[in-house]
Amino acid sequence: MAAKDFIVAIELGSSKVTGIAGQKNLDGSINVLAMVKEESSSFIRKGVVYNIDKTAQCLTSIIKKLENQLKTQITQVYVGVGGQSIRSVKNVVTKDLPGETIITQEMVIELMDANRNMTYPDQEILDAAVQEYKVGTQFQLDPVGIQATHLEGHFLNILERKAFYRNLNKCFETAGISVAEMYLAPLALADSVLTEVEKRSGCALVDIGYDTTTVSVYSKNILRHLAVIPLGSNNITKDIASLQMEESDAERMKLKYGSAYTENNEIDNELKYSIDPERQVESRKFIEIVEGRLEEIIENVWYQIPSEYYDKLLGGIILTGGGSNMKNIEKAFINHTHVDKIRIAKFVTQTINTSNEEIKSRNSMMNTVLGLLAKGDINCAGDAYDPNGNLFPEFKPASHPTNDQRPARQATDIPAGVIRTEAEKQKAEEERRRLQEEEERARQEEERLKKEEEARIRKENSIWNKAIRGIKKFGKTIVEEED
């Protein structure tokens, strides 16, 4: 039977593109209805799209397979945005106020708009997280209603290279797939695996993926730093492959023998690990290679955490992603960061009902796409899909609001973590220009009326008019005297 109400989310990873469809229940739980995965290493590197056509073909294939499982056409999808080029930068916008001015919401929005209008060479602002506002010498989360002569807005801007952002949009455009919403994947992940206590007390979320490792730092429920390191679990596999073996064998050995930390006295110098029936490798050499690369990843993670938060991570470090499954990884992080509180987020906090074994294994690898699924709130289901009919049916316009149908949203109207697509940005820009033109027309009309009024006043006050008024007044006086 065809499903008539579901959400579809797509995660573009460096090793696989994952598409998932789920139905939300009133109690907040999610029923997974379908899931499809396809290899992506030939067209996505470090989480970034490099081949638009191959990515579009992959997306089209995933949609068709999902539709076949759902027996329903998909009208739109939710998309996670991540990858190596994403980084955060701090920005401060100031505003001087006359006298003791009471700060209004309009003033705050003006600061937010000024921040969003910042330009960075070759970089696109994907999202802007408000850190706090400085009123006088005091920092406030909400400055509205406070008297001040000076207001500062402190922001954390999330950037991505413009070329990569355009490539991602182009992929979905080429595939003919409507995007309901683009979401910052690290934020969707954080909302699904971190607790409120961890975010409030201060924590670092470390997502160890295939090609990249993403670090998100939270404090007082606010994202304070975001960075993507171009190192992941696949780098360990490649290092093992340097021991004269295929990468497939290296990956198998990593999963079987790999350990993030081994006590020196526990290493047997005589022990050898089997590559295949004919070949072996010394266990010590294998251990040193794995630990060496993992140590580099951990050091880069720690380097990305701003120094002012070193002693404020009361919520600890939370590990997730495929790389977090390595044996003794908590011990390795404790040794190199000296943070004692380490937790592995094996699964999302939402209740997920599924028969899919990959999801049921709860091995951290599905957390991001499940987090994206949880963010969806617009139905992605269309008409019934007939797999025996047209093999390549055209995508029909969504019957629910999409970025093409939704009223143009300005930056301040967009929820945290949501990224405007190219189409929505273009529509917002057109709306901004329209409003500017209306304001300009109103200004010109006001100026015209003002000039007409000034001309009338000048006419009334001219010498000739004064003379005429004087003659009329004199004539009136003569008539009155004769009467």
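The values are calculated or read from the model by the stated rules, or taken from the named source; none is laboratory data. Predicted model only: the values in this text are computed from it and were never measured. Every residue, glycine as well, gets a Cβ built from its backbone with ideal geometry; the counts of neighbours run over all protein chains shown. These accessible areas exclude ligands, DNA and RNA; they are computed on the full protein's heavy atoms, side chains included. Shrake-Rupley method; radii C 1.70, N 1.55, O 1.52, S 1.80 Å.
Here are the numbers for this structure:
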quantity: Distance from region 199-246 to region 271-339 (C-alpha centre basis), Å; calculated: 11 Å
quantity: Förster radius 41 Å - calculated FRET efficiency between ASP377 and ILE102 (Cβ-Cβ, nearest 0.05); calculated: 0.70
quantity: Lys/Arg +1, Asp/Glu -1 at C-beta; region 1-63 dipole; positive extreme among GLN57, ILE30, SER15; calculated: SER15
quantity: Accessible area per residue in Å² at 1.4 Å probe, computed on the chain; calculated: 52 Å²
quantity: CD proxy at 222 nm, helix term only [per DSSP H run n ≥ 4: -39500 (n - 2.57); per residue of the chain; nearest 500]; calculated: -12000 deg cm²/dmol
quantity: Cα gyration tensor, region 246-370 - rounded (a/c under 1.5), prolate or oblate; calculated: oblate
quantity: From the C-alpha gyration tensor of region 198-267, square roots of 5λ in Å; calculated: 32, 16, 8
quantity: Lysines whose Cα lies under 23 Å from that of LYS65, excluding same-chain neighbours fewer than 8 positions away; calculated: LYS4, LYS16, LYS24, LYS37, LYS54, LYS170, LYS360, LYS375, LYS396
quantity: Region 264-351: GluC sites (Glu not before Pro) falling in loop per DSSP and having at most 15 other Cβ within 10 Å; calculated: GLU270, GLU278
quantity: Label of the coordinate-derived value, semi-axes √(5λ) of the Cα gyration tensor in Å, listed as [x] 59, 30, 19; [y] 34, 32, 20; [z] 62, 29, 24; calculated: [x]
quantity: Partner lysines for LYS285 [C-alpha distance under 18 Å; skip if fewer than 8 residues away on the same chain]; calculated: LYS238, LYS254, LYS256, LYS272, LYS327
quantity: Net charge, SER14 excluded, C-beta distance under 15 Å - Lys, Arg +1, Asp, Glu -1; calculated: -1
quantity: Accessible-area composition of region 63-108, carbon plus sulfur, in percent [1.4 Å probe]; calculated: 51 percent
